[in-house]
Amino acid sequence: MNRKVLQLISLMISSGTKRANWYRKKKLFGHIGNNVMIQGFKLPLNPELVYIGDNVNLASNVTLVTHDVVHYMLNKHEGLDGDFKEKTGKIEIGNNVFVGANSVILYDVKIGNNVIIGANSTVTKDLP
């Protein structure tokens, strides 16, 4: 099914818990544990690289970034060899985690168990 269609369908599910269960049923993510709530949410480009543990709440407008696109600019930059590749990476979210509204979690980040991430945060490194 088309990615945009999947995202539109998921947004029609009013409950964040039901939305997470729907994602789990469709096997869109690498893993989604039990008792997960995902509020209004943009699907990452590579949802299969996202692993979410048990008892996780992602508040509104949380963005999970599984890739970057800086290679487009670098490959067109004069003086560089133009052989830069897209970087992709896994995002792992442990158990008992809350991610506040409007937060961004970048690729190659592991969030441990029992972590609270405040609203409007950008997570660029592992949080034990």
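The values are calculated or read from the model by the stated rules, or taken from the named source; none is laboratory data. Being a predicted model, the structure only gives us computed values, none of them experimental. Note that each Cβ is placed from the backbone with ideal geometry, even for glycine, and that neighbours are counted across all protein chains shown. For the accessible areas, the whole protein counts, side chains as well, though only heavy atoms, and no ligand, DNA or RNA atoms are used. Shrake-Rupley method; radii C 1.70, N 1.55, O 1.52, S 1.80 Å.
Close amide-amide hydrogen proximity is noted between TYR107 and VAL65, HIS67, each under 5 Å apart and 5 or more residues distant or on a separate chain (H modeled in the peptide plane; Pro and chain starts excluded). Tell me, which longest segment in the chain has none of the trypsin sites (Lys or Arg not before Pro) that fall in DSSP loops with at most 16 further Cβ atoms within 10 Å? Result for the longest clean stretch: 43-84. Extension gain for LYS18-GLU86 works out to 21.2 nm (0.36 nm per residue, less the C-alpha to C-alpha distance).
Would you mind telling me the share, in percent, of accessible area of region 1-101 contributed by carbon and sulfur at probe 1.4 angstrom? That fraction is 54 percent. Straight-line cross-link reach from LYS18 at under 16 Å between alpha-carbon atoms covers these aspartates and glutamates, not counting any fewer than eight positions away in the same chain: ASP54.
In cubic angstrom, how much convex hull volume per residue do the alpha carbon atoms of the chain span? Mind dumping the intermediate values first?
Details: hull volume 13.8 nm³, N = 128.
Taking the convex hull of the Cα positions in the chain, it is 108 Å³ per residue.
Please compute the length gained on full extension between LEU127 and ALA101, using 0.36 nm multiplied by the number of residues separating them and subtracting their Cα-Cα distance. Could you put the intermediate results ahead of the total?
Values: separation 26, 0.36 × 26 = 9.36 nm, distance 1.77 nm.
So the chain would gain 7.6 nm between LEU127 and ALA101.
Accessible surface for region 39-92, divided over its residues, is 57 Å² per residue with a 1.4 Å probe.
Leaving ligands and nucleic acids out of the surface, order MET73, MET12 by accessible area at 1.4 Å, largest first. Let's see the in-between values first.
Working: MET73 105, MET12 150 Å².
Output order, biggest surface exposure first: MET12, MET73.
Of the GluC sites (Glu not before Pro) in region 19-115, the ones in a loop by DSSP (not H, G, I, E or B) with at most 15 other beta carbons within 10 Å are GLU78, GLU86.
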